[in-house]
1. Please state which one of Pro297, Pro291, Pro247 is within 30 Å of Leu37 (Cα to Cα) and of a type outside the set (Phe, Trp, Tyr).
2. Restricting to segment 233-266, name every residue that is within 16 Å of the ligand (Cβ to nearest atom) and on the phi > 0 side of the Ramachandran plot.
3. Only one residue in Leu385, Leu392, Leu429 is among the hydrophobic types (A, V, I, L, M, F, W, C), in the same structural domain as Ala346 (by TED's automatic domain parsing) and within 20 Å of the chain's Cα centre (by Cα). Which one?
4. Mind checking which strands (runs of 3 or more DSSP E) fall wholly inside segment 129-169 and carry at least 2 residues that are modelled with pLDDT of 95 or more, of a type outside the set (Asp, Glu) and assigned by TED's automatic domain parsing to the domain that holds Pro247?
5. Considering only residues that are aliphatic (A, V, I, L, M) and touching a His at 6+ places or on another chain (Cβ under 9 Å), look in segment 104-135 and name the one that is surrounded by the fewest Cβ atoms within 10 Å (Cβ to Cβ).
6. Quick check on my filter: what residues within segment 212-228 are in contact (Cβ under 8 Å) with a residue 60 or more places away in the chain and within 16 Å of the ligand (Cβ to nearest atom)?
7. What is the number of the single condition among (1) under 18 Å from the mean Cα position of the chain (by Cα); (2) surrounded by fewer than 20 Cβ atoms within 10 Å (Cβ to Cβ); (3) away from the ligand (no atom under 13 Å from the Cβ) that Ala101 does not meet?
8. Checking the condition buried (at least 24 other Cβ atoms within 10 Å of the Cβ) and without any contact (Cβ under 8 Å) to a residue 40 or more places away in the chain, which residue from Val92, Val47, Val67 passes?
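The values are calculated or read from the model by the stated rules, or taken from the named source; none is laboratory data. On a predicted model such as this, the values are computed, not experimentally measured, just so you know. Here Cβ is always computed from backbone atoms with ideal geometry, including for glycine, and neighbour counts include all displayed protein chains.
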Amino acid sequence: MNWSPEIFSINSSYQDGQLSIAGIKASTLAKEFGTPLFVIDENDFRVRASTWNASLERHFGGAAGTVYYAGKSFLCVEVAKWINEAGIGLDVCTGGELAVAQQAGFPAERIEVHGNNKSEAEIAEALRYGVGTIVVDSFHEIERVNRLAKAAGMSAKVLIRLTPGIEAHTHEFIATAHEDVKFGFSIASGAAWKAVEECEAASNISLMGFHAHIGSQIFTSDGFEISATRLLEFMAKYRDHFNRELPELDLGGGYGIAYVPGEQTLDPDQILLAIATVVKHQCKELELALPKISIEPGRAIVGPTTTTLYEVGTTKTVSLEGGASRRYVAVDGGMSDNIRPALYDAEYTALLANRKSTATETSTRIVGKHCESGDIIIRDIDLPLDIDAGDLLAIPATGAYGRSMASNYNHMTRPAMVAVNAGSARIILRRENFADLLALDVQESARKLS
Ligand SMILES: *Cc1c(COP(=O)(O)O)cnc(C)c1O
């Protein structure tokens, strides 16, 4: 049986074949709200947000900057409120994400704006709202931010996004000499220094420091340590040249979480202690004052808090070469609510959540209902042989990049997100309906444009 408490949200339990989240049975939630359903453990979310914040303060003391929750991992108005109540910041990278923050009344000074192609309208709105930080990512953008800030009669606080010359993949780091990515200014090529000079020359930009984000689902500290070291060396270069120190350094997100048994979610204290040790040592070596250190966890806050519930619709068994067989279990969602397996070969685990089974387990592929052979949620997992239509499957750790990357492929309605807490449940993002899907269809007569 695939009950693994370290992968399900903190307030989950499993007894007599019944999964419960925050004291509510999965089968009750499915009956009440329908499936597929994202169930977010509200207390778990709030605890993780506060834990990252407390840990940053513990390891950096007065030099602790801001924990910016990466909104792209999952954002809705209610979650923006939880982030605000945890006292941490929010990283948005589009006008749409900013609109959610505004709807939640999120304090502008704790918002950081990312993105490699922010439009004029997005920059103008960010400035109008008074966001705390804009992370600039291109020369075009330095010009745009400066011009729009000037028009608004203000000075924009800016971090420059740097490419420190390392790229973190899931379990490894690659030193990239050419830095062939769309994000950031390369330190090695000299582009980063040119960006510094342009920001310094800009009348309405106030350069606060540097930013780097090295990747996602990272489990070791070495990539962060190399990145921090290179960024601090660059800060020292800035000091040597301008005779002034920059006050902020943002080391990005990417902290790994457990998806399948055997993996372990990264402990905030462990990783931040390692980073702090290197940052403090480097600052001493370079005779730099400790800058404010910020981080941007997304997945590490929301990922483990959410479980997807699916209802099984059909099953079938196919014969494989060599006499083996594989059982397919099709659920009522799929790649439209979880694109990660198709996109990144991401792995998940699953639990029969509505009843006890003593049947033997058999090699199973969990698939969705889309017209696509690649619509696979779990490629191979042992599950009881008697799983049948009407059963409920729970997939844990779907909080990050699940609902946020959901699509309407095949005109599927995107699932609801229900927040559970101490035996109570409330919808924080309702399920789409057919009226939502049809709302964009237009029948109009053509207008002559030439
Ligand atoms: C995606 C992203 C994050 C968050 O990454 P996680 O893996 O969810 O922690 C943080 N910062 C930037 C700039 C990002 O693009």
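1. Sole residue among the options that is within 30 Å of Leu37 (Cα to Cα) and of a type outside the set (Phe, Trp, Tyr): Pro297.
2. Scanning segment 233-266 gives Gly252, Gly254.
3. Leu429
4. 133-136, 156-163
5. Ile134
6. His213, Ser216, Gln217, Ser227
7. That leaves (2) as the condition not met.
8. On the way: Val47 fails: buried (at least 24 other Cβ atoms within 10 Å of the Cβ); Val67 fails: without any contact (Cβ under 8 Å) to a residue 40 or more places away in the chain.
Step by step, each of Val92, Val47, Val67 is checked, and only Val92 is buried (at least 24 other Cβ atoms within 10 Å of the Cβ) and without any contact (Cβ under 8 Å) to a residue 40 or more places away in the chain.
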